[in-house]
Amino acid sequence: MPPVFAHGRLRLYLLKLLDEAPRHGYEVIRLLEERFQGLYAPSAGTVYPRLAKLETEGLVTHATEGGRKVYSITDAGRAELADRGGELADLELEIRDSVSELAAEIRADVSGAAGDLRRELRAAASASATQVEGESWTAAKEEFRKAKAEWKEQARRAKDESRRAREEAQQARRQAKEAQERAREEVQRIAGQLQEQFAKSGGVLGSLAGAWLGGSGSPTAPSDPSAPQAPSAPSAQAAAPDTDWARDVPPTGDPARDLDRLLDRFRDDIRDAARDRGIGEDQLAQARTHLAEAAARIATALGPQG
């Protein structure tokens, strides 16, 4: 295995491939071979045990389709990818460098093989010069010329491949650096807004989730005491917001990603409630109203656009 996959790097890259799309083991092997442009392909004995270990750790899961296991990444696997985002970017660059090094090794092997054959032909010619007729010697020279031309072409292709790999690696480094700068600025901006707005909003997400899961009432919001109140559905039962809602969702250190994960959890809870309790036209109308109110409150908490 190339050194680029030492110390758990292959495990990280397998998670990246499964994050792109669910795949079966043979497809993972083929993709790795493509990423190395045919210069390296892991064996089934390398890939499948690691997929099984990732599944044991709860980072991937599998389903059987057509007699084959198709592996998919889990939320825990995506969380590990997010935590190791910088390491993954470095790994991509190292793979490009590794391809360049492998191409250089092939070029050196071709050059060495050409030199060895040249010496062998000269030795053979010297030993049998007195016994070989002029026509046979000419044919041997022609064969050598063809072989030499072929080796030169292979060396040229290897050199071009190495050059392209270096250029791609340099471009990837520039893009990664620019992306990191943009992400850092965006995270700092969003983190400041969230810290300020969530402090003012009094926990909009917690109030919204607690109100919905406890009944069909809308989330707690400031209101005019003199305004008429809409009657509740007979089956609806108000409940206090659950202040511990989604506490089991671990923070990643990225406020924008944490907000996405909270919204995913909220969506899943709503779907579970609808599935377990049933939903009719009246409940759907109430849910639309509550969701519109919640969207407006959260948009206000996140601050003005721009």
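The values are calculated or read from the model by the stated rules, or taken from the named source; none is laboratory data. None of these values were measured; they are calculated from a predicted model. Methodologically, a virtual Cβ is constructed for each residue, glycine included, from the backbone with ideal geometry; neighbour enumeration extends over all protein chains shown. In case anyone asks, the SASA skips ligands and DNA or RNA and just uses the protein heavy atoms, side chains included. Shrake-Rupley method; radii C 1.70, N 1.55, O 1.52, S 1.80 Å.
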Where Tyr13, Tyr26 fall by accessible area, highest first, once all protein chains stay in place (1.4 Å): Tyr26, Tyr13
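What FRET efficiency comes out for Ala21 versus Glu135 if R0 is 45 angstrom and r is the Cβ-Cβ distance? Round to the nearest 0.05. The partial results should precede the final answer.
Details: r = 61 Å, r/R0 = 1.36.
Computed FRET efficiency for Ala21 and Glu135: 0.15.
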Percent breakdown of C-alpha pair distances by 10 Å bin, ordered from the shortest bin, for segment 30-95: 18, 40, 39, 4
Nitroxide proxy distance, nm - points 7 Å out along Cα→Cβ at Leu262 and Ala63: 3.1
Per-pair calculated FRET efficiency, R0 = 51 Å: Glu293 and Arg30 via Cβ, rounded to 0.05: 0.55
Which of Val187, Val47 is most accessible, then next, and so on - probe 1.4 Å: Val187, Val47
